[in-house]
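These notes are about the structure you will find just below.
The values are calculated or read from the model by the stated rules, or taken from the named source; none is laboratory data. Note that the structure is a prediction, hence the values are computed from the model and not measured. Reconstructed Cβ throughout: ideal geometry from the backbone, glycine too, with neighbour counts over all protein chains shown. With ligands, DNA and RNA removed, areas are computed over all heavy atoms of the protein, side chains included. Shrake-Rupley method; radii C 1.70, N 1.55, O 1.52, S 1.80 Å.
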Amino acid sequence: MRKIAVIEKLLTVYPDAHIISTCGYITRDLYNASDRQEHFYMVGSMGMAAPIALGLAITNPHNTFIVLDGDGSFAMNFGFTLMIAQHQPSNLIHVVLDNEMHESTGGQHTVPFSNSKETLENIGYNKVHVIESLDQFPEKVEEGPVMFHCKVEANAGKIGKRVEWTPQEIVQRFMSTLAVSVS
């Protein structure tokens with residue numbers, strides 16, 4: 001399954017969701033697929049998309065938040081899954097795009113994450129879906145936190161352009177879309 005196909009599927013199924021994307025190619029893929037104010041592009045800080053999304057989900061319960069993590073960034077801050085499970089944000093969907101490599105930094109292999117369904121459900125995620133094809137996406141998502149562990153291919157083509165917004169502009173655009181603002 002191609003990473004961009006998963007991103008496009010999420011944009012179609014959750015058109016009103018706020019998406020927090022990890023740094024690197026995933027942010028570039030999201031930006032090039034659809035640049036929206038509801039997208040918070042990480043342009044650094046690997047492993048921090050989920051903590052940002054958790055804070056936003058807790059303080060903005062009327063919005064849906066999607067975290068786009070790579071398997072490398074997810075592994076870098078795996079301990080944060082415990083905090084997500086503890087807070088039980090019903091409006092959080094955590095997506096891990098797993099291509100088994102740190103693609104943005106040269107393709108170094110990541111540590112495989114096996115048994116993600118059992119592990120994360122035992123930690124306290126309400127539901128974990130291991131997805132290997134687009135037709136495996138659930139039609140209706142259970143109350144969160146929910147994980148989509150998506151097995152994806154490495155990028156085969158040209159990488160899209162970098163996010164052109166400054167970090168300050170990204171924050172300003174994103175914050176203007178929230179039902180309740182975070183102070």
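Of note:
- Condition check for E169: under 20 Å from A75 (Cα atoms) and not in a loop (DSSP other than H, G, I, E, B): no
- Subset tally (residues that are within 11 Å of D69 (Cβ to Cβ), part of a loop (DSSP other than H, G, I, E, B) and not polar (S, T, N, Q)) for the stretch 13-55: 6
- The stretch 1-56 - residue that is acidic (D, E) and either at pLDDT 95 or above or in contact with a helix residue (DSSP H, G or I) (Cβ under 7 Å, 6 or more places away or on another chain) (or both) and, of those, least open to solvent (accessible area, probe 1.4 Å): D29
- The residues of the stretch 110-155 that are farther than 27 Å from N63 by Cα, in contact (Cβ under 8 Å) with a residue 40 or more places away in the chain and either among the aromatic types (F, W, Y) or open to solvent by 80 Å² or more (accessible area, probe 1.4 Å) (or both), listed by number, are F113, E132, E153.
- Across the stretch 116-168, the qualifying residues are those that are hydroxyl-bearing (S, T, Y) and closer than 20 Å to V96 by Cβ, and the one among them that is modelled with the lowest pLDDT is S116.
- In this structure, T27 does not qualify as under 14 Å from the mean Cα position of the chain (by Cα), of a type in the set (S, T, Y) and farther than 24 Å from I159 by Cα.
- Exactly one residue out of I58, I84 is of a type outside the set (K, R), more than 20 Å from V171 (Cβ to Cβ), in a helix (DSSP H, G or I) and more than 10 Å from the chain's Cα centre (by Cα), and it is I84.
- Exclusive hit being under 18 Å from T64 (Cβ atoms), in a helix (DSSP H, G or I) and under 17 Å from the mean Cα position of the chain (by Cα), set F174, F148: F174
- Condition check for T64: within 14 Å of the chain's Cα centre (by Cα) and either among the acidic types (D, E) or open to solvent by less than 50 Å² (accessible area, probe 1.4 Å) (or both): no
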